[in-house]
Amino acid sequence: MNDISKDIAVAILFIIALVGFISGEFIISSTLFAATTIVSNLKASRKRIRDGQLSWD
């Protein structure tokens, strides 16, 4: 999966979570918000590791 498709997937999940929150489905929307946050943070940390900005030393 390339970066564009990952960004699109995160955006779609976020929009679905927002619609779920507005419609009152709080458990589902909370789960989707958490999933988008985790995916976004994993992607950002992998990019930092790849660029050498984050080291485990």
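The values are calculated or read from the model by the stated rules, or taken from the named source; none is laboratory data. Predicted model, so just to flag it, every value in this text is computed and none were measured. All Cβ positions, glycine included, derive from the backbone under ideal geometry; neighbour counts span all protein chains shown.
Suppose the filter is surrounded by 12 or more Cβ atoms within 10 Å (Cβ to Cβ), at pLDDT 70 or above and in a helix (DSSP H, G or I); does S5 pass it? Steps first, answer last, please.
On the way: surrounded by 12 or more Cβ atoms within 10 Å (Cβ to Cβ): no; at pLDDT 70 or above: yes; in a helix (DSSP H, G or I): yes.
So S5 does not fit the description; no.
Just a yes or no: is a residue in the range 8-17 under 14 Å from the mean Cα position of the chain (by Cα) and at pLDDT below 85?
Among the residues of the range 8-17, at least one is under 14 Å from the mean Cα position of the chain (by Cα) and at pLDDT below 85, which makes the answer yes.
What's the number of the condition S23 fails, among (1) surrounded by 12 or more Cβ atoms within 10 Å (Cβ to Cβ); (2) at pLDDT 85 or above; (3) of a type outside the set (V, I, T)?
The single condition S23 does not satisfy is (1).
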